[in-house]
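The values are calculated or read from the model by the stated rules, or taken from the named source; none is laboratory data. In this text, all values refer to a predicted model and were calculated from it rather than measured experimentally. Cβ atoms come from the backbone with ideal geometry, glycine included; neighbour counts cover every protein chain shown. When the accessible area is computed, the model is the full protein with side chains, heavy atoms only, and any ligands, DNA or RNA have been set aside. Shrake-Rupley method; radii C 1.70, N 1.55, O 1.52, S 1.80 Å.
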Amino acid sequence: MSLATAIRLARPQRVGVVSSIVGLGLEVRGLNSAIGDLVTIGELREVDAEVVATTRDGIRCMPLGRMTGIRIGAPVRSDGTPHLVPTGTGLFGRVIDGLGRPIDGKGPLAVDSFVSIDHDSPSAMQRSRITTPLQLGVRVLDTLTTVGKGQRMGLFAGSGVGKSSLLSMIARGTDAEVSVIALVGERGREVREFLEDDLGPEGLARSIVVVSTSDEPAMMRLRAAFVATRIAESFRDTGADVMLMMDSLTRVAMAQREIGLSVGEPPATRGYPPSTFSLLARLLERAGTDEAGSITGVYTVLVDGDDHNEPIADAARSILDGHVVLDRKLAVLGHFPSIDALASISRVASRVNDPHQNQIAGTLRTVLAARRNAQDLLDVGAYRQGTNPLVDAAVANEGAINAFLQQRMDDQTPASEAWAQLDTINRILGVH
């Protein structure tokens, strides 16, 4: 028996009954539970649920498992215990579900302690300034969109453009002390592929993976995001620099949309209730710096129909400290990682890089922009050499530039080497 289960059983329990089951949720009478409390439904087959709303007539709950076999009048027990999350170094190399239970077949977790899933965001005045770069092992990110320790970045792309593969590169190449990876709403088939092929034994050894697949209830998918964040916070509180990766933030928002609509919230923008957008802010603000350590957040955003201005993408971009755009056209051409360097931006790059690094990164951006502006002329053969020195430099050194921007999945380039390669390209370009 786990410590969390023992604590719950030791507390006096209150009993109510299921009064209504509609859609994804159910109503309970006879319990005076608070928002966030866990309840257990049924007798022969028990299902955990979380209280998501209260009314004068009772409480509304969302299940954390399938409700098959649950009927009106089924007993509902509650001890007023909130969701507890396991923490500690014993979680390294383990795969857990949205309730913090192991699902990797490696036996019980070696847990240091249990903490409540709820945690306050660091105060705005207690957050340390972001002044130190964090190596990701991906050349284009470490140079053209440098990430600082404690920054929150979004990877924006449509489906099948390489978000998960890029996350696995970051997990293996980052110099962060701890990696926490949340796979929210993923296809069940892809979980083992990600763990065994993309992440690999080396990446998994210093990572903690939280998984909630697409067929699990909305509450479980939502819990997985907050469990991963809480585990990252527990390491940050000890002074560690943590890398938190979440795939995907859009599916977290979709889970909250299901929950909000089920408890009677009115649909707003594209069917998302207002609570979805407040939840995104609450989740993302929990990452970042604190007085002791930092959580660098990398969140994938699945843009609907490749529309980067759809509601979730727009809301996430307004909260995050930068965004990386993956381009489907580049992916089709076999350009990996398919990062559109010109459309991507890090809001702290100028602070964490030195003046020379900012200068050479800006030079390559200028050359790439000139090439893009002249692309139509180049495609039809109407461009004349000598018209624009920047375009001439881009065309003459296209091979070297593409070799720098592209990178194999098994190639983890140290940030110092990436900057040296960029410096060499700038000397070859001869642009001042």
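Suppose we filter the range 23-61 for residues that are within 17 Å of Leu261 (Cβ to Cβ), modelled with pLDDT of 85 or more and loosely packed, with under 12 Cβ neighbours inside 10 Å; how many remain?
1
Quick check on my filter: what residues within the range 123-134 are over 20 Å from Val147 (Cα atoms) and open to solvent by less than 60 Å² (accessible area, probe 1.4 Å)?
The answer is Ser123, and nothing else.
So, Gly16, is that one surrounded by 17 or more Cβ atoms within 10 Å (Cβ to Cβ), of a type in the set (Gly, Ala, Ser), over 26 Å from Val111 (Cα atoms) and in contact with a Leu (Cβ under 7 Å, 6 or more places away or on another chain) or not?
Considered against the rule, which asks whether it is surrounded by 17 or more Cβ atoms within 10 Å (Cβ to Cβ), of a type in the set (Gly, Ala, Ser), over 26 Å from Val111 (Cα atoms) and in contact with a Leu (Cβ under 7 Å, 6 or more places away or on another chain), Gly16 comes out as yes.
Any residue in the range 173-188 that is under 27 Å from Thr413 (Cβ atoms) sitting within a Cβ distance under 7 Å of a residue that is open to solvent by 10 Å² or more (accessible area, probe 1.4 Å) and acidic (Asp, Glu)? List the pairs, counting only those 6 or more apart or interchain.
Listed pairs, sorted by first residue: Ala176/Asp241; Glu177/Asp241.
As an exercise: evaluate Ser248 against (1) modelled with pLDDT under 90; (2) surrounded by fewer than 22 Cβ atoms within 10 Å (Cβ to Cβ) and give the number of the one condition it does not meet.
(2)
Can you tell me which residues in the range 388-397 are touching a residue at least 12 places away in the same chain (Cβ under 8 Å) and either over 18 Å from Thr424 (Cα atoms) or outside any loop (DSSP other than H, G, I, E, B) (or both)?
Asn388, Pro389, Leu390, Val391, Ala393, Ala394, Val395
Could you tell me whether the range 90-104 includes any residue that is open to solvent by 50 Å² or more (accessible area, probe 1.4 Å), among the charged types (D, E, K, R) and at pLDDT below 90? Lay out the reasoning, then the answer.
Of the range 90-104, the ones open to solvent by 50 Å² or more (accessible area, probe 1.4 Å) are 92, 101-103.
Now narrow it down to the ones that are among the charged types (D, E, K, R): 101.
Then drop every residue that is not at pLDDT below 90, which leaves none.
No, the range 90-104 contains no residue that is open to solvent by 50 Å² or more (accessible area, probe 1.4 Å), among the charged types (D, E, K, R) and at pLDDT below 90.
If you go through the range 153-192 one residue at a time, how many are open to solvent by 10 Å² or more (accessible area, probe 1.4 Å), assigned to a helix (DSSP H, G or I), in contact with a strand residue (DSSP E or B) (Cβ under 7 Å, 6 or more places away or on another chain) and over 14 Å from Ile339 (Cα atoms)?
2
Look at the range 331-353 and say how many of its residues are open to solvent by 50 Å² or more (accessible area, probe 1.4 Å), more than 18 Å from Met409 (Cα to Cα) and of a type outside the set (Val, Ile, Thr).
4
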